[in-house]
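Chemist: My structure is below; once you've seen it, I'll send some questions.
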Amino acid sequence: MEILILLLKIIALTFVVVLPLVPISVYFERRFCAVIQDRVGPNRTGIPLTLFGFKKDFHFFGLIQPMADGVKLFLKEDFTPAHVRKAFYWLAPVLTVAPALITVCVIPFGSPISFGDYQVNLVIADIDIGPLFIFAVSSLTVYGITLAGWSSNSKYPLIGGIRSSAQMISYEISLGLSIIPVLLYFGELNLGKIVQQQADHGWLLLPLWQDGHLGLPDLQSALFWIPACIAFVIFTVSIFAETNRMPFDFPECETELVGGFHTEYSSMKFALFFMGEYAAMVIGSALVVTLFLGGWSIGFGLDPWIQGLHLGSFQFGGLIHLAAFVVKLLIFILFFILVRWTVPRFRYDQLMKLGWVIFFEAALINVFLAALILAAPHLTSAILAISAVLLVVVTAALIRVAKVSEAKPNILRV
């Protein structure tokens with residue numbers, strides 16, 4: 001019975017919830033960028049009912065466009081250039097999309113639902129190292145992109161693969177450091193328990209209730225909101241860099257590298273790269289929502305009541321929480337799309353400077369700030385004052401070192 005439930009959760013959460021979000025994200029991107037650029041989005045692809053005597057074709061707001069794209073990529077000629085290293089060339093797309101789908105298994109999509117005495121958690125693998133598992137598996141994506149660039153035996157893809165390696169390594173450091181304050185605050189690595197704590201005591205970025213009752217947070221929670229916001233900014237920007245999304249799409253920027261690491265790919269192999277990027281965007285958004293925005297929690301003291309909803313022996317509140325999680329996820333995906341179509345691409349040196357000179361130091365200082373706030377009730381006034389002074393001195397020193405380390409432009413003096 002447990003194996004059957006596990007298979008049903010894998011099919012439902014992966015192939016019914018997450019995978020459909022990939023073409024939905026593509027559709028949202030096309031329509032949203034059309035609104036931003038004040039132009040018409042996809043509205044022509046449809047079912048030609050006029051051929052059968054009807055007055056109008058069936059366009060359905062352009063929703064048929066993603067289905068047409070899928071059919072096109074399936075039926076397109078699968079061409080493999082003769083000069084590529086074939087084994088690695090075929091392996092690379094799989095290594096790009098597989099890690100994004102594997103990380104789905106630790107995301108809590110909703111509160112538990114129950115049938116009589118049998119309870120089902122809406123998470124595929126409820127493990128106690130959720131964020132570490134996601135970072136470990138998602139970091140394997142770089143192998144797919146690097147292999148794609150190297151195996152193509154072409155200069156532009158190779159440059160794209162090398163860029164991706166440097167970019168992902170740079171931002172994985174700040175990505176990992178940025179969530180340490182979050183883990184210190186919750187004292188947990190289990191994502192399900194982290195979300196449950198937010199449902200009980202307020203979201204990390206919205207701590208406005210305690211145990212189902214609205215009210216202002218205590219002083220410690222209010223002060224912790226500062227490192228929480230810093231962690232949110234660093235984590236979100238690092239997720240953009242990890243997913244190779246604009247303004248960090250250097251591995252595939254068409255203005256410099258034609259198509260970057262996937263220049264030599266076509267048909268379903270190209271579609272796997274395309275799907276891997278959007279799947280990584282979905283998982284990145286899900287992780288941000290889970291850690292900072294309450295996950296499946298609706299908040300404001302409503303979650304205990306929702307969790308208690310039932311029809312006979314069927315407790316279905318988790319399905320409402322699943323819907324709330326998907327709504328939050330779609331809103332954050334729209335934020336991803338908004339940033340892509342409003343912020344111009346950085347220069348590569350700016351990308352490296354942001355990761356190594358700014359985010360690395362900021363995330364490190366933020367860890368000490370969060371630890372000081374959490375430990376403050378257990379410290380004497382003298383130790384607290386000394387710690388605060390040391391934090392200010394170290395912060396000022398790091399800022400000074402960052403400024404001095406900048407290379408000054410060579411100015412030709414006449």
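Chemist: List the residue pairs whose Cβ atoms are under 9 Å apart, where the first residue sits in segment 25-39 and is under 13 Å from Ile333 (Cα atoms) and touching a residue at least 40 places away in the same chain (Cβ under 8 Å), the second is in a helix (DSSP H, G or I) and among the aromatic types (Phe, Trp, Tyr), and the two are 6 or more positions apart or on different chains.
Modeler: Sorted first by the residue in segment 25-39, then by its partner, the pairs are Ser25/Tyr278; Ser25/Phe336; Val26/Phe274; Val26/Tyr278; Glu29/Tyr278; Glu29/Phe336.
Chemist: If you take the residues of segment 189-205 that are closer than 17 Å to Phe224 by Cβ and under 20 Å from the mean Cα position of the chain (by Cα), which of them is surrounded by the fewest Cβ atoms within 10 Å (Cβ to Cβ)? Let's see the steps before the verdict.
Modeler: The initial filter retains those residues of segment 189-205 that are closer than 17 Å to Phe224 by Cβ, namely 194, 197-198, 200-205.
So of that shortlist, the ones also under 20 Å from the mean Cα position of the chain (by Cα) come out as 194, 198, 203-205.
Details: Ile194: 24, Gln198: 25, Trp203: 22, Leu204: 24, Leu205: 15.
Checking each candidate, the answer is Leu205.
Chemist: Restricting attention to segment 206-239, which residues are closer than 26 Å to Ile127 by Cα and crowded, with 18+ Cβ neighbours inside 10 Å?
Modeler: Selection gives Pro207, Ala228, Ala231, Phe232, Ile234, Phe235, Thr236, Ser238, Ile239.
Chemist: May I pose another question? What is the residue count in segment 79-88 for residues that are under 18 Å from Ser267 (Cβ atoms) and surrounded by 13 or more Cβ atoms within 10 Å (Cβ to Cβ)?
Modeler: Within segment 79-88, residues that are under 18 Å from Ser267 (Cβ atoms) and surrounded by 13 or more Cβ atoms within 10 Å (Cβ to Cβ) number 4.
Chemist: In segment 347-414, which helices (runs of 4 or more DSSP H) lie fully inside it and hold 2 or more residues that are at pLDDT below 75, surrounded by 10 or more Cβ atoms within 10 Å (Cβ to Cβ) and among the aliphatic types (A, V, I, L, M)?
Modeler: Per the criteria, 381-404.
Chemist: Against the definition (exposed (fewer than 13 other Cβ atoms within 10 Å of the Cβ), at pLDDT 80 or above and assigned to a helix (DSSP H, G or I)), how does Leu21 come out, yes or no?
Modeler: no
Chemist: Considering only residues that are at positive phi and not in a helix (DSSP H, G or I), which ones fall in segment 47-78? Before the answer, list the steps.
Modeler: Restricting attention to segment 47-78, the residues satisfying the condition of being at positive phi are 53, 60-62.
Within segment 47-78, just Gly53 meets the criteria.
Chemist: A further question on this structure: Of all residues being of a type in the set (A, V, I, L, M), over 19 Å from Gly41 (Cα atoms) and under 28 Å from the mean Cα position of the chain (by Cα) in segment 59-82, which is modelled with the highest pLDDT? Just the residue, please.
Modeler: The residue in question is Val71.
Chemist: Please work out which one of (1) surrounded by fewer than 15 Cβ atoms within 10 Å (Cβ to Cβ); (2) modelled with pLDDT of 80 or more is the condition Ile3 fails and give its number.
Modeler: (2)
Chemist: Looking at Val326, is it at pLDDT 85 or above, in a helix (DSSP H, G or I) and surrounded by fewer than 20 Cβ atoms within 10 Å (Cβ to Cβ)?
Modeler: Working: at pLDDT 85 or above: yes; in a helix (DSSP H, G or I): yes; surrounded by fewer than 20 Cβ atoms within 10 Å (Cβ to Cβ): yes.
Spelling it out, Val326 is indeed at pLDDT 85 or above, in a helix (DSSP H, G or I) and surrounded by fewer than 20 Cβ atoms within 10 Å (Cβ to Cβ).
Chemist: Ile298 - would you say it is farther than 30 Å from Lys72 by Cα, of a type in the set (A, V, I, L, M, F, W, C) and buried (at least 16 other Cβ atoms within 10 Å of the Cβ)?
Modeler: On the way: farther than 30 Å from Lys72 by Cα: yes; of a type in the set (A, V, I, L, M, F, W, C): yes; buried (at least 16 other Cβ atoms within 10 Å of the Cβ): yes.
It is true that Ile298 is farther than 30 Å from Lys72 by Cα, of a type in the set (A, V, I, L, M, F, W, C) and buried (at least 16 other Cβ atoms within 10 Å of the Cβ).
Chemist: Regarding segment 157-164, can at least one residue be identified that is in contact (Cβ under 8 Å) with a residue 12 or more places away in the chain, within 18 Å of the chain's Cα centre (by Cα) and closer than 20 Å to Phe250 by Cβ?
Modeler: Scanning segment 157-164 turns up at least one residue that is in contact (Cβ under 8 Å) with a residue 12 or more places away in the chain, within 18 Å of the chain's Cα centre (by Cα) and closer than 20 Å to Phe250 by Cβ.
Chemist: Under 7 Å by Cβ, and 6 or more places apart or on different chains, what pairs join a residue from segment 250-277 that is assigned to a helix (DSSP H, G or I) with one that is small (Gly, Ala, Ser) and modelled with pLDDT under 75?
Modeler: Partner pairs satisfying both residue conditions: Pro251/Gly260; Glu252/Gly259; Glu252/Gly260.
Chemist: Then there is this: Here's a check for you: in segment 24-40, which residue that is among the β-branched types (Val, Ile, Thr) and either touching a Gly at 6+ places or on another chain (Cβ under 7 Å) or modelled with pLDDT of 80 or more (or both) is surrounded by the most Cβ atoms within 10 Å (Cβ to Cβ)? Walk me through how you get there before you give the answer.
Modeler: Quick first cut of segment 24-40, residues among the β-branched types (Val, Ile, Thr) only: 24, 26, 35-36, 40.
Filter again for either touching a Gly at 6+ places or on another chain (Cβ under 7 Å) or modelled with pLDDT of 80 or more (or both), leaving 24, 26, 35-36.
Values: Ile24: 16, Val26: 19, Val35: 11, Ile36: 13.
Ranking the candidates gives Val26 first.
The values are calculated or read from the model by the stated rules, or taken from the named source; none is laboratory data. Source: prediction; values computed, not measured. We place every Cβ from the backbone using ideal geometry, glycine too, and count neighbours over all the protein chains shown.
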